[in-house]
Amino acid sequence: MAERLDLSDGFDVHDYRAGLKLHTQDGASMYLENRNGYECPACGRPFERLFVSTDDRVTFGNPPDAPFCLARTAERLLLLTH
């Protein structure tokens, strides 16, 4: 069984770096691929991509083509696509 992302103490991407591949990163956001089959903290299913941001406002040009979940910690917003 795959490990579920744990948000109980916030979220630190470095705790999961072995199974996440970084695609893009800027000062406040990063976009990663789930190579380890980690499970979504919102629904429990494995997710494909993860967007993480510390910005308090984020705009997306196009919505994801697949179902997605949102999860929030005190400091980060996570968008997970399935």
*Any hit, the range 4-14, residues being of a type outside the set (A, V, I, L, M, F, W, C), farther than 13 Å from L80 by Cα and open to solvent by less than 80 Å² (accessible area, probe 1.4 Å)*: yes
*asked:* Regarding the range 19-37, can at least one residue be identified that is assigned to a helix (DSSP H, G or I) and free of Cβ contacts under 8 Å to residues at least 40 places away in the same chain?
replied: yes
*Mind listing whichever residues of the range 38-82 are closer than 15 Å to D6 by Cβ, outside any loop (DSSP other than H, G, I, E, B) and small (G, A, S)?*
A71
*Just for the range 37-68: of the residues that are of a type in the set (F, W, Y) and either open to solvent by less than 60 Å² (accessible area, probe 1.4 Å) or farther than 23 Å from S8 by Cα (or both), which one is farthest from the chain's Cα centre (by Cα)?*
F60
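The values are calculated or read from the model by the stated rules, or taken from the named source; none is laboratory data. What you see is a predicted model, and the numbers here were worked out from it, not measured in a lab. Don't worry about glycine lacking a Cβ; one is built from the backbone with ideal geometry, like all the others, and counts go over all protein chains shown. The accessibility values were calculated without ligands, DNA or RNA, using every heavy atom of the protein model including side chains. Shrake-Rupley method; radii C 1.70, N 1.55, O 1.52, S 1.80 Å.
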